[in-house]
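Novice: Handing you this structure, nothing more for now.
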Amino acid sequence: MTRRIILDCDPGHDDAMAILLARGTPEVELAAITTVAGNHTLDLTTLNARRVCTLAGITDVPLAAGCSAPLVRPLVTATEIHGTTGLQGHTWAEPTVHVISEHAVDLIIELVMAAPGEITLVPTGPLTNIAMALRREPRIADRVREVVLMGGSYTRGNVTPAAEFNVYVDPEAAAAVFTAGWPLTMIGLDVTHMANATAEVLARIAALGTGLAAAVVGMLGFYRDRQLHEFGTASPHVHDPCAVARVARPEFVSCKEARVEVELAGEFTRGMTVTDFRMRAAVTPNAMVGTSIDDGAFWDLFVAAIGRIPTRADA
Ligand code: PIR
Ligand code: CA
């Protein structure tokens, strides 16, 4: 059965890959794409989402812009990874896909309330829009099918030794999302650090021979060079499509039940996702936590998805 998702993202190279994986995978259907500030400011994440939708011919999915700043704290971006002018690595045409006038938070509430038990939320950026939607319409907690987010980690961070970027940027929002009492799966760095775009993966995508494939190789090449420069990793971690893969093909990602708390007060641990796998009577689980991904199966899924999206000559 096709799973209808709202992809709430901050493109960002790997967010772009999440949009493309969702578009090209028959097991999932994009009900909406919403944007949030994170990797860049909201104007750039929204422009980038419009660019990706234009490139991939995604003209039949509502695209809405959301929150421009975290709930409490000033915005922190990740331009050192994604480049200063947005989604670098490809020369973008002027996008012809536009945002709708509705705010992302309103669109999320509207779609979830209209289809009880149907919509899966897939956040791949800071959780500001999702927390705002919960605050404004708490009943969405009972109406979503589930939340499958890219964020957090139980072994290490990336933006700090303790914290993963998406949770670090808006930890108050993440805390609200983790404690909302809805079915939630955390696909954190522990999983996504296994999904690396190796030279072999790039060659397979390039071999598809389409304009879209060339754009993907360009973007992933830029992203690889930045991660090499910043972290010394030869093959970049492609985080966000792992959450889409978990929705499309749950058997590709192993998960364990746990209690996750978001650190809000620590001096060195802001945004850490403190994950308790000890299933004791006093511990109430609030999440399924991803522990590994079948990276071979994941990249097969990704390459097939890129191959399925028709190329637009003018994009
Ligand atoms: C932030 C990201 C990726 C790499 C770094 N170094 C920083 C973004 C990705 O878009 C992903 O959603 C998440 N944040 C990974 O931490
Ligand atoms: Ca992201």
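Quick note: the coordinates plus some simple rules give every number you see, no bench work behind them. Remember, predicted model here, so these are calculated numbers, not experimental data. Please note: Cβ atoms are built from the backbone with ideal geometry, for glycine as well, and neighbour counts cover all protein chains shown.
Novice: Under 13 Å from a label point 7 Å along Cα→Cβ of GLU80: give me every residue in segment 17-36 with its amide N that close.
Specialist: From segment 17-36, the list is empty.
Novice: Using amide H atoms built 1.01 Å from N in the peptide plane, name the residues 5+ places from VAL97, or on other chains, whose amide H lies under 5 Å from its own.
Specialist: Hits under the 5 Å cutoff: THR54.
Novice: What full-extension length gain, to one decimal in nm, is calculated for THR160 and SER254 as 0.36 nm per residue of separation minus the Cα-Cα distance?
Specialist: Here the segment from THR160 to SER254 would lengthen by 31.3 nm.
Novice: Here's another thing I want to ask about it. Enumerate the amide H contacts of GLY188 below 5 Å, restricted to partners 5 or more residues apart or on another chain; note that Pro and chain-start residues carry no placed amide H.
Specialist: Result for GLY188 returns GLY151, GLY290.
Novice: Expressed in nm to one decimal, what extension gain is obtained for the pair MET279 and ALA214 from 0.36 nm per residue of sequence separation less their Cα-Cα distance?
Specialist: Answer, rounded to one decimal: 18.7 nm.
Novice: Sticking with this one: Hydropathy first: keep DSSP H helices in the chain averaging at least 1.6 on Kyte-Doolittle, then drop any whose Cα extent along the axis falls short of 30 Å, and list what survives.
Specialist: The qualifying helices: there are none.
Novice: Still on this structure: Is it possible to state the helix-based mean residue ellipticity at 222 nm for the chain, with each DSSP H run of 4+ residues giving -39500 (n - 2.57), the sum divided by total residues, to the nearest 500 deg cm²/dmol? What is it?
Specialist: Mean residue ellipticity at 222 nm (helix-derived): -11000 deg cm²/dmol.
Novice: Additional query: Bin width 10 Å, alpha-carbon pairs only: give the P(r) of the chain as whole percents, running from 0 to the bin holding the largest distance.
Specialist: Whole-percent P(r) values from 0 Å outward: 6, 30, 39, 20, 3, 0.
Novice: Out of the DSSP beta bridges found with both residues in segment 3-308, what percent are antiparallel (nearest 5)?
Specialist: 30
Novice: Roughly speaking, what is the stretch gain from THR2 to SER101, that is 0.36 nm per residue apart minus the C-alpha to C-alpha distance, in nm to one decimal?
Specialist: Here the segment from THR2 to SER101 would lengthen by 32.9 nm.
Novice: While we're here: Tell me, what are the semi-axes, in whole angstrom and largest first, of the equivalent ellipsoid of segment 1-146 as set by the roots of 5 times the Cα gyration tensor eigenvalues?
Specialist: Ellipsoid half-lengths, sorted descending, are 23, 19, 12 Å.
Novice: What residues qualify as long-range amide H neighbours of ALA287, i.e. H under 5 Å apart, gap of 5 or more or another chain, H built at 1.01 Å from N?
Specialist: Amide H to amide H, under 5 Å and 5 or more residues apart or across chains, ALA287 pairs with ALA258, VAL260.
Novice: Return the loop-located trypsin sites (Lys or Arg not before Pro) in segment 216-315 (DSSP other than H, G, I, E, B) with at most 12 other Cβ atoms within 10 Å of their own Cβ; answer none if there are none.
Specialist: Qualifying residues, ordered by number: ARG278, ARG280.
Novice: May I pose another question? Please tell me the relative contact order of the chain in percent, rounded to the nearest whole number, where contacts are Cα pairs under 8 Å and at least six residues apart.
Specialist: 22
Novice: Would you mind checking segment 74-116 for residues with the amide N under 20 Å from a putative spin-label position 7 Å along Cα→C-beta of THR59?
Specialist: Inside the label zone: 92-101.
Novice: Here's another thing I want to ask about it. Please find, in a Gaussian network model of the chain (springs between Cα atoms separated by less than 10 Å), the residue of GLY209, GLY271, GLY290 whose mean-square fluctuation is greatest.
Specialist: GLY209
Novice: Pick out which of GLU251, GLU200, GLU261 has the largest mean-square fluctuation in a Gaussian network model of the chain, springs linking Cα atoms closer than 10 Å.
Specialist: Of the options given, GLU200 has the highest mean-square fluctuation.
Novice: Among the chymotrypsin sites (Phe, Trp or Tyr not before Pro) within segment 239-315, which fall in a DSSP loop and have no more than 12 other Cβ atoms within 10 Å of their own Cβ?
Specialist: PHE268
Novice: Quick check: net charge around THR25, other residues with Cβ under 11 Å of its Cβ, Lys/Arg +1 and Asp/Glu -1?
Specialist: Computed value for this residue: +2.
Novice: Please arrange ILE6, ILE130 by how many other C-beta atoms lie within 10 Å of their C-beta, fewest to most.
Specialist: Sorted ascending by nearby Cβ count, the order is ILE6, ILE130.
Novice: Please find, in a Gaussian network model of the chain (springs between Cα atoms separated by less than 10 Å), the residue of THR291, THR46, THR233 whose mean-square fluctuation is greatest.
Specialist: Among THR291, THR46, THR233, the largest mean-square fluctuation in the Gaussian network model of the chain belongs to THR233.
Novice: Run the quick spin-label model on GLU200 and PHE231: label points 7 Å from Cα toward the beta carbon, then report their separation in nm to one decimal.
Specialist: 2.0
Novice: Tell me the net charge near ARG73. Cut-off is 10 Å between Cβ atoms, ARG73 excluded, with +1 for each Lys or Arg and -1 for each Asp or Glu.
Specialist: -1
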